[in-house]
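Asker: Before I ask anything, here is the structure I am working with.
The values are calculated or read from the model by the stated rules, or taken from the named source; none is laboratory data. What you are looking at is a predicted structure, and each value in this text was computed from that prediction instead of being measured. Here the Cβ positions follow ideal geometry from the backbone for every residue, glycine too, while neighbour counts run over all protein chains shown.
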Ligand SMILES: Nc1nc2c(ncn2[C@@H]2O[C@H](COP(=O)(O)OP(=O)(O)OP(=O)(O)O)[C@@H](O)[C@H]2O)c(=O)[nH]1
Ligand SMILES: [Mg+2]
């Protein structure tokens with residue numbers, strides 16, 4: 001399939017072409033840039049929901065229930081599960097397949113796992129491309145799940161129209177979430193596993209934290225309680241997501257500001273990846289590792305190494 005065949009089929013909403021296009025985006029293949037340029041003008045229709053939170057908080061289960069809810073409202077749904085680079089990720093893809101079992105046989109749902117594959121960055125860029133492809137293919141609701149444990153993951157959810165932070169009852173998880181720096185990005189909070197003890201206390205702690213925290217847009221993030229495994233609270237979660245969207249839509253300046261911030265981040269991600277790729281491509285085989293060892297052994301310093309790489313990796 002040529003790039004233009006892929007584009008035609010993506011725009012016609014064909015899942016196989018969508019899968020192909022996302023693979024190109026992941027690999028950063030030469031066709032990817034052509035595909036992305038062609039689909040970009042057709043994006044901007046979907047509601048993109050980012051879901052993040054501590055490992056095991058029930059994000060995938062929640063995504064599954066939310067997707068079923070959106071299907072019930074007649075929307076085509078895209079799900080992107082970003083396979084975390086963290087040690088918590090064991091078996092995540094298989095687990096997601098099982099957890100999202102209501103979805104895998106529904107042709108109105110497209111599910112994709114994106115992996116970091118240990119490369120230097122590029123995941124946020126590839127995820128952004130995947131969202132754009134699904135958007136252009138007519139998926140009206142796109143849900144992106146990431147574990148909230150690192151900057152990459154935070155960057156990914158920041159590209160969403162609405163960010164949902166999932167917490168569970170119990171002090172430990174909350175502290176972990178705060179430490180990961182994901183609290184500030186929650187437009188909506190879900191206390192999942194609300195069938196467990198300690199829900200009220202977690203809710204109080206969260207409320208307290210939200211009153212001291214300050215947001216540029218002055219939005220008060222709603223808190224919803226869910227039991228994903230029992231399909232409880234999903235309409236509330238959906239309504240809370242919609243309420244933030246309505247809030248943004250009622251304020252042109254905010255909406256435009258958010259879109260510009262996302263656009264800026266997309267450009268920076270792409271630029272960073274391109275420049276990094278070009279700089280590293282100038283190094284000979286094994287040279288990066290040699291420089292790394294020299295810096296680790298304090299024989300060289302990282303600043304002069306970078307300066308050398310920028311000059312083309314000739315001296316040193
Ligand atoms: N008691 C209870 N268990 C839940 C609930 N939601 C999810 N679980 C369980 O919690 C476990 C983790 O659920 P997942 O949906 O995989 O959680 P996750 O946040 O996607 O996990 P990672 O992607 O690995 O970080 C599973 O055993 C679920 O069945 C809930 O509301 N109540
Ligand atoms: Mg998961």
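Asker: Of all the helices (runs of 4 or more DSSP H) wholly in region 89-166, which have at least 2 residues that are modelled with pLDDT of 90 or more?
Answerer: Details: elements: 92-99, 123-136, 151-157.
Because the criterion is at least 2 residues that are modelled with pLDDT of 90 or more, the helices (runs of 4 or more DSSP H) in region 89-166 that meet it are 123-136.
Asker: Among the numbered criteria (1) in contact with a strand residue (DSSP E or B) (Cβ under 9 Å, 6 or more places away or on another chain); (2) at pLDDT 90 or above; (3) part of a helix (DSSP H, G or I); (4) within 16 Å of ligand 1 (Cβ to nearest atom), which one does residue 229 miss?
Answerer: Residue 229 satisfies every listed condition except (1).
Asker: Given the residues 22, 6, which is the only one that is crowded, with 19+ Cβ neighbours inside 10 Å, without any contact (Cβ under 8 Å) to a residue 40 or more places away in the chain and in a helix (DSSP H, G or I)? Steps first, answer last, please.
Answerer: Working: 22 fails: without any contact (Cβ under 8 Å) to a residue 40 or more places away in the chain.
Just a single option satisfies the conditions, and that option is 6.
Asker: Give me the pairs: first residue in region 247-269 and under 11 Å from residue 159 (Cα atoms), second residue at pLDDT 90 or above and part of a helix (DSSP H, G or I), beta-carbon distance under 7 Å, and six or more apart or on different chains, which are they?
Answerer: If the second residue must be at pLDDT 90 or above and part of a helix (DSSP H, G or I), the pairs left are 258/248; 266/128.
Asker: Separate question: Against the conditions (1) part of a loop (DSSP other than H, G, I, E, B); (2) near ligand 2 (Cβ under 10 Å from one of its atoms); (3) in contact with a strand residue (DSSP E or B) (Cβ under 8 Å, 6 or more places away or on another chain), where does residue 81 fall short? Just the number, please.
Answerer: Only one criterion in (1) part of a loop (DSSP other than H, G, I, E, B); (2) near ligand 2 (Cβ under 10 Å from one of its atoms); (3) in contact with a strand residue (DSSP E or B) (Cβ under 8 Å, 6 or more places away or on another chain) is unmet by residue 81, namely (1).
Asker: Next question. Has region 79-87 got any residue that is without any contact (Cβ under 8 Å) to a residue 12 or more places away in the chain, within 30 Å of residue 186 (Cβ to Cβ) and within 16 Å of ligand 1 (Cβ to nearest atom)?
Answerer: Taking region 79-87 as the starting set, the residues that turn out to be without any contact (Cβ under 8 Å) to a residue 12 or more places away in the chain are 87.
Next, from what is left, pick out any that are within 30 Å of residue 186 (Cβ to Cβ): 87.
Restricting the remaining residues to those that are within 16 Å of ligand 1 (Cβ to nearest atom) gives 87.
Scanning region 79-87 turns up at least one residue that is without any contact (Cβ under 8 Å) to a residue 12 or more places away in the chain, within 30 Å of residue 186 (Cβ to Cβ) and within 16 Å of ligand 1 (Cβ to nearest atom).
Asker: A further question follows. Quick one: in region 273-303, which of the residues that are touching a residue at least 12 places away in the same chain (Cβ under 8 Å) and touching a helix residue (DSSP H, G or I) at 6+ places or on another chain (Cβ under 8 Å) is farthest from residue 46 (Cα to Cα)?
Answerer: The extreme case among them is 300.
Asker: Also: For residue 211, all conditions in the list (1) without any contact (Cβ under 8 Å) to a residue 40 or more places away in the chain; (2) under 22 Å from the mean Cα position of the chain (by Cα) hold save one; what is the number of the exception?
Answerer: Among (1) without any contact (Cβ under 8 Å) to a residue 40 or more places away in the chain; (2) under 22 Å from the mean Cα position of the chain (by Cα), the lone unmet condition for residue 211 is (2).
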